[in-house]
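Right, one structure below, let's go through it.
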């Protein structure tokens, strides 16, 4: 297994650790969970950079890297639902889309076909990661001795603000769109393969 692939596997392993630490709901555990999440995000950046620099891109890596991202973001959104500020239907759409796409990609890998992650899918991951990091950062601020007014402002934004809901809605819709886009591309690819087979048989 290549070094970038090991980092992707590590990112998957860190995801439940991050979730358990965060849900302990004590200041120290939440600070440690933030560090764990940050390390996981760094592995995402570094494994891609390493694979490109040293030309160690593999079919398994093309599959496992986005899968690790999906696992990490799914655990984070699971936390947000558990804390009560992310609607269940948004969580379901995001997680089911990721499971569905992962199953299709796994089947393609089994058949010896690899479909690279599209730009819109990478944008989706960037939006998700940025939002998650921002929300976690706000939670980290809450673990320190800040004045009551600031604490209420941050808590109000997270738990009871229209803006936060809109941000979550945008992320959910973009995630849904990437799933539909993936299916359209798969259907287009399938038709091209069928056309090529019919051409070869003539």
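The values are calculated or read from the model by the stated rules, or taken from the named source; none is laboratory data. Source: prediction; values computed, not measured. Don't worry about glycine lacking a Cβ; one is built from the backbone with ideal geometry, like all the others, and counts go over all protein chains shown.
Could you check, for the range 143-153, whether at least one of its residues is exposed (fewer than 12 other Cβ atoms within 10 Å of the Cβ) and under 30 Å from residue 59 (Cα atoms)?
No, every residue in the range 143-153 fails to be exposed (fewer than 12 other Cβ atoms within 10 Å of the Cβ) and under 30 Å from residue 59 (Cα atoms).
Surrounded by 15 or more Cβ atoms within 10 Å (Cβ to Cβ), more than 23 Å from residue 99 (Cα to Cα) and modelled with pLDDT of 95 or more: does that describe residue 22?
So residue 22 fits the description; yes.
Which condition number does residue 86 fail, the rest of (1) surrounded by 14 or more Cβ atoms within 10 Å (Cβ to Cβ); (2) part of a loop (DSSP other than H, G, I, E, B); (3) at pLDDT below 95 being met?
Only one criterion is unmet by residue 86, namely (3).
Output the number of residues of the range 118-142 satisfying the condition of being touching a residue at least 60 places away in the same chain (Cβ under 8 Å), closer than 22 Å to residue 28 by Cβ, surrounded by 16 or more Cβ atoms within 10 Å (Cβ to Cβ) and under 15 Å from the mean Cα position of the chain (by Cα).
Residues meeting the conditions: 2.
Being under 25 Å from residue 102 (Cβ atoms), surrounded by 15 or more Cβ atoms within 10 Å (Cβ to Cβ) and modelled with pLDDT of 95 or more is the requirement here; does residue 17 meet it?
So residue 17 fits the description; yes.
Is it the case, given these coordinates, that residue 167 is without any contact (Cβ under 8 Å) to a residue 40 or more places away in the chain, within 20 Å of the chain's Cα centre (by Cα) and surrounded by 12 or more Cβ atoms within 10 Å (Cβ to Cβ)?
Yes: the conditions hold for residue 167.
Suppose we filter the range 1-37 for residues that are in contact (Cβ under 8 Å) with a residue 60 or more places away in the chain and under 15 Å from the mean Cα position of the chain (by Cα); how many remain?
6
Run residue 75 past the list (1) more than 29 Å from residue 192 (Cβ to Cβ); (2) surrounded by fewer than 18 Cβ atoms within 10 Å (Cβ to Cβ); (3) in contact with a helix residue (DSSP H, G or I) (Cβ under 7 Å, 6 or more places away or on another chain); (4) in contact (Cβ under 8 Å) with a residue 12 or more places away in the chain and report the number of the one that doesn't hold.
Residue 75 satisfies every listed condition except (2).
Working only within the range 143-159, note down all residues that are in a helix (DSSP H, G or I) and touching a residue at least 40 places away in the same chain (Cβ under 8 Å).
Listed by number, the residues that qualify are 158, 159.
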